[in-house]
Amino acid sequence: MGFLEMLYFIIPSAILYATPLIFTAIGGVFSERSGVVNIGLEGLMIVGAFVGIYVNLEYASTFGSATIWMAMLAAFIIGGIFSLLHAVASISFRADQTVSGVAINLLGLAVSVFLVKMIYDKGQTDMIDQTYAINRFAIPYLEDIPFLGPLLFQNVYSTSILAFAVAFGAWFIIYKTPFGLRLRAVGEHPMAADTMGVNVNRMRYIAVVISGALGGLGGAVYAQSIAGNFSHATIAGQGFMAIAAMIFGKWHPIGALGAALFFGVAQTLSVAGSTIPYVQDIPAVYLQILPYVLTILALAGFIGKANAPKASGQPYIKGKR
Amino acid sequence: MSNRVINILVPIISIIIGLIVGAIVMVVSGYDPVQGYSALWTGIFGDSYSIGNTIRQITPYILAGLAVAFAFRTGLFNIGVEGQLILGWLAAAWVGSAFDLPKIIHLPLALLAAAAAGAFWAFIAGFLKAKFKVHEVIATIMLNYTALYIANAVIKNLSDGGFKTERVHESASLRSPFLRELTDNSSLHYGIIVALLMVIVMWFILEKTTRGYELKAVGFNKHAADYAGMSVNKNIILAMTISGMFAGLGGAMEALGTFGNASIKPGFTGIGFDGIAVALLGANTPLGVVFGASLFGSLKYGALNMPNAAGIPEEIVSIIIALIIFFVASGYIIRVALQKLSKKKEGQ
């Protein structure tokens, strides 16, 4: 394999692996920016993956070519509803946010596998029909551009385009709108925001539900594009990797996008590395642990200092200093 | 109502609500909750075989719970018990199978290796927190996956491309023909004694030593502890290291007792995360952890009987456990309700 063929293989595949991470990491950005730590993203992705596969399997004949979009929409909505549990516990009931997030992870997995066994009477679903999976396509005209064409436009997934749009949309919302300003204020200094008439708890509820919806969407995308079915092991760490991407991207939507793409490269190399020259000499384990090690180094300040929003992790109690 | 009574009532109420919601879920899903819960009961206490295996299941839960609880007492959230446990598992399995020594040396050595492996992995997180202010929750999550992949790679190497290590030698094994016979061939092993010893160790460190007093002081108020001349950073590192030691021993229970080897895992064992539930329910006290571990260990093992005896997926128990965590974590609202209730009574 020549160098160019190598790139033409690695980059589209990296974008494919990065796409679910982008959605989920952006969800994490919303939640943490409002001051609520969401360790439960893994569980929310699991719920999303299950809902996505369920809708795809059951309603493909009804929706036809719109199936993937309906499945993603359903996962988006159910993910948002599911995250309300985290919101109620950690915002209204002042539960420890990390504990509540752990409970979301356990509950998401348990409920999804319970439902699979109840509905299908076995531990995993059937594979979805390949024609109704998220498939790649080529963008006319753009694909003919030398170098960039085969690199970016010959094997495109519609969901990847959506992911980029969501990332830039999130940047616009968080940094260019009054809503985003309030969101950040609530996460940095809730008391000041409260004094200025911002409803802290309402903002946090909205942010957590957005994170749940995007996490569910990420799960549905992963299940329909990479996994193809749902079992207890379909989502194995993607949610935590999304959290890593959010931190490595310094709680910024575009940063999270970049980190997710970078982790996508690492995942591609660890999955398909044995067929790529040079990479095949690196033991897969180094590529597997790379995202996590890099995140720790970033937090330790070796790769630029990553600082969390100031009030993240603390419940806001009115009138308490 | 006194604070003490409320502190005991909150977990009990949470368990009851959890079980009730579990029953509702079963009814809504078209299953019979009476049949479900009686299958669960038989799965736990049905015969001596079940009781033996239930105790076996409780063993690592005690150690995982101790690990989480110990860190909590110093104000640290060790969510990395899972990774520390996996490395302890690997270390015990390796020492147990690589050496030929008399039992009196070999078994303690294998246990020590597991404790050291877990302690080292947690030390990294403690060090990062003390020196670089890296939040331990994120650091330990990242270290969990790092541990999982490293352990899998090492197992692959040790076994020349296979998927499990060699069996641990008899001289390092926790298995006991006596306990086996007593419980109708269950896989109960001596690990439970190690676990209960560690419960006493944790109680002793926290309640009877100056160091334990310092650890708790840092947990209560680290600024006050600092002002009183205690080194907060040193105590953070120490607390994480001891916590990881408990977690590593939890892994040794699986390596030397239950499974007798270490095998490549597609994902986490779940014991570390359940340890959070155990510690939370036990209010982070050594004795509380024993109760928490007994409850969750029993539920987890008993659940395996539910698909056969009642046709209900065993995940219903994981749902119930997750709900119990939610309710205990939301203890604030239960407290408010209890206080209102007791005020009303006083008013009459």
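The values are calculated or read from the model by the stated rules, or taken from the named source; none is laboratory data. Since this is a predicted model, take the numbers as computed values, not measurements. Please note: Cβ atoms are built from the backbone with ideal geometry, for glycine as well, and neighbour counts cover all protein chains shown.
Is one or more of the residues making up region B:29-51 outside any helix (DSSP H, G or I), away from every other protein chain (no Cβ under 14 Å) and either surrounded by fewer than 20 Cβ atoms within 10 Å (Cβ to Cβ) or in contact with a His (Cβ under 8 Å, 6 or more places away or on another chain) (or both)? Spell out the reasoning first.
Taking region B:29-51 and keeping what is outside any helix (DSSP H, G or I), we get B:29-32, B:46-47.
Keeping just the survivors that are away from every other protein chain (no Cβ under 14 Å) gives B:46-47.
After this cut, where a residue has to be either surrounded by fewer than 20 Cβ atoms within 10 Å (Cβ to Cβ) or in contact with a His (Cβ under 8 Å, 6 or more places away or on another chain) (or both) as well, the list is B:46-47.
Yes, the conditions are met somewhere in region B:29-51.
Identify the single condition in (1) farther than 27 Å from B:Val81 by Cα; (2) of a type in the set (A, V, I, L, M, F, W, C); (3) at the interface with chain B (Cβ under 7 Å from one of its Cβ atoms) that A:Ala110 does not satisfy, given that it satisfies every other one.
Status for A:Ala110: all satisfied but (1).
Being hydroxyl-bearing (Ser, Thr, Tyr) and away from chain B (no Cβ under 14 Å) is the filter; apply it to region A:228-287 and report the residue that is surrounded by the fewest Cβ atoms within 10 Å (Cβ to Cβ). Don't jump to the end; show me each part of the working.
Of all residues in region A:228-287, those hydroxyl-bearing (Ser, Thr, Tyr) come to A:231, A:234, A:268, A:270, A:274-275, A:278, A:286.
Applying the additional criterion that residues be away from chain B (no Cβ under 14 Å) yields A:268, A:275, A:278.
Working: A:Thr268: 23, A:Thr275: 11, A:Tyr278: 9.
Of everything passing the filter in region A:228-287, A:Tyr278 is surrounded by the fewest Cβ atoms within 10 Å (Cβ to Cβ).
Examine region A:294-302 for a residue that is under 30 Å from B:Ile333 (Cβ atoms), at the interface with chain B (Cβ under 9 Å from one of its Cβ atoms) and modelled with pLDDT under 80, and state whether such a residue exists. Before you say what the answer is, go through the steps one by one.
Residues of region A:294-302 that are under 30 Å from B:Ile333 (Cβ atoms), as a first pass: none.
No, region A:294-302 has no match at all.
Between B:Ile316, B:Ile236, which is surrounded by 24 or more Cβ atoms within 10 Å (Cβ to Cβ), within 14 Å of chain A (Cβ to nearest Cβ), out of contact with any Cys (no Cβ under 7 Å at 6 or more places or on another chain) and not in a loop (DSSP other than H, G, I, E, B)?
Working: B:Ile236 fails: within 14 Å of chain A (Cβ to nearest Cβ).
Every option except B:Ile316 fails the conditions.
Can you pull out every residue in region B:327-348 that is within 26 Å of B:Val28 (Cα to Cα) and without any contact (Cβ under 8 Å) to a residue 60 or more places away in the chain?
First, pick out the residues of region B:327-348 that are within 26 Å of B:Val28 (Cα to Cα): B:327-330, B:334.
Across region B:327-348, the qualifying residues are B:Ala329, B:Ser330.
Has region A:126-139 got at least one residue that is outside any loop (DSSP other than H, G, I, E, B) and over 26 Å from A:Glu42 (Cα atoms)? Before the answer, list the steps.
Residues of region A:126-139 outside any loop (DSSP other than H, G, I, E, B): A:130-132, A:136-137.
Checking the rest, the ones that are also over 26 Å from A:Glu42 (Cα atoms) come to A:131, A:137.
Within region A:126-139, one or more residues are outside any loop (DSSP other than H, G, I, E, B) and over 26 Å from A:Glu42 (Cα atoms).
Going through B:Ile8, B:Ile16, B:Ile62, B:Ile24 one at a time, which residue ends up being crowded, with 22+ Cβ neighbours inside 10 Å and either within 30 Å of B:Gln339 (Cβ to Cβ) or out of contact with any His (no Cβ under 9 Å at 6 or more places or on another chain) (or both)? I'd like the intermediate steps shown before the answer.
On the way: B:Ile8 fails: crowded, with 22+ Cβ neighbours inside 10 Å; B:Ile16 fails: crowded, with 22+ Cβ neighbours inside 10 Å; B:Ile24 fails: crowded, with 22+ Cβ neighbours inside 10 Å.
It is B:Ile62.
Only helices (runs of 4 or more DSSP H) wholly contained in region A:177-240 count here; list those with 3 or more residues that are within 21 Å of A:Ile26 (Cα to Cα).
Here the list reads A:178-188, A:200-222.
Please verify whether B:Asn261 is of a type in the set (S, T, N, Q), over 29 Å from B:Ile320 (Cβ atoms) and part of a helix (DSSP H, G or I), treating the condition exactly as stated.
Numbers: of a type in the set (S, T, N, Q): yes; over 29 Å from B:Ile320 (Cβ atoms): yes; part of a helix (DSSP H, G or I): no.
In short, no.
Which residues, taken from region B:126-146, are at the interface with chain A (Cβ under 9 Å from one of its Cβ atoms) and either touching a residue at least 12 places away in the same chain (Cβ under 8 Å) or β-branched (Val, Ile, Thr) (or both)?
Taking region B:126-146 as the starting set, the residues that turn out to be at the interface with chain A (Cβ under 9 Å from one of its Cβ atoms) are B:128, B:131-135, B:137-139, B:141-146.
Residues satisfying the conditions are B:Lys131, B:Val134, B:Val137, B:Ile138, B:Ala139, B:Ile141, B:Leu143, B:Asn144, B:Tyr145, B:Thr146.
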